[in-house]
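The values are calculated or read from the model by the stated rules, or taken from the named source; none is laboratory data. Only a predicted model underlies this, so the values are computations on that prediction, with no experimental measurement involved. Note: ideal-geometry Cβ built from the backbone for every residue, glycine included; neighbour counts use all protein chains shown.
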Amino acid sequence: MASASPDGEEENPEVILANYKSMLSECQKLNAKITELSLEKDEHRLVIETLSKLEGTRKAFKLIGGVLVELTVADVLPSVSQNFEGVRIRSRISFKYFYQLNSFNLIPCSWID
């Protein structure tokens, strides 16, 4: 049995199934991206906590474009904090989009608060 689309036309069950599979795939990709961003955020938080305890003049190393650069903690800490904020914002945006998509109950999300 075909269902009516918002514009009043009958939709083919295959089209509905294809749309469902497409949305399911997008939810799964977003779920993977959210997990990746969460891990990246935790790594940044750990680095910030560790560097905050050290003197600003102490040596620190940062990977920039595949090159390991020697800097000081005072030079590295602001950029790591800025990167942390960027990851946190991207994570929130991805999560909101994922939550909207998942309002169709495509995949179980018992971990969503």
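Scanning the range 52-96 for residues that are over 26 Å from the mean Cα position of the chain (by Cα) and charged (D, E, K, R) yields Lys53, Glu55, Arg58, Lys59, Glu70, Asp75.
Filter the range 18-76 down to the residues that are of a type in the set (Asp, Glu) and under 16 Å from Val87 (Cβ atoms) and list them by number.
Glu36, Glu40, Asp42, Glu43, Glu49
Taken over the range 7-66, the residue count meeting the criterion of being at pLDDT below 90 and touching a Lys or Arg at 6+ places or on another chain (Cβ under 7 Å) is 1.
Considering only the range 21-33, I want to know if a residue exists there that is surrounded by 12 or more Cβ atoms within 10 Å (Cβ to Cβ) and outside any helix (DSSP H, G or I). No, because not a single residue in the range 21-33 is surrounded by 12 or more Cβ atoms within 10 Å (Cβ to Cβ) and outside any helix (DSSP H, G or I). Within the range 50-62, not a single residue is touching a residue at least 12 places away in the same chain (Cβ under 8 Å), touching a Phe, Trp or Tyr at 6+ places or on another chain (Cβ under 8 Å) and either part of a strand (DSSP E or B) or among the basic types (Lys, Arg) (or both).
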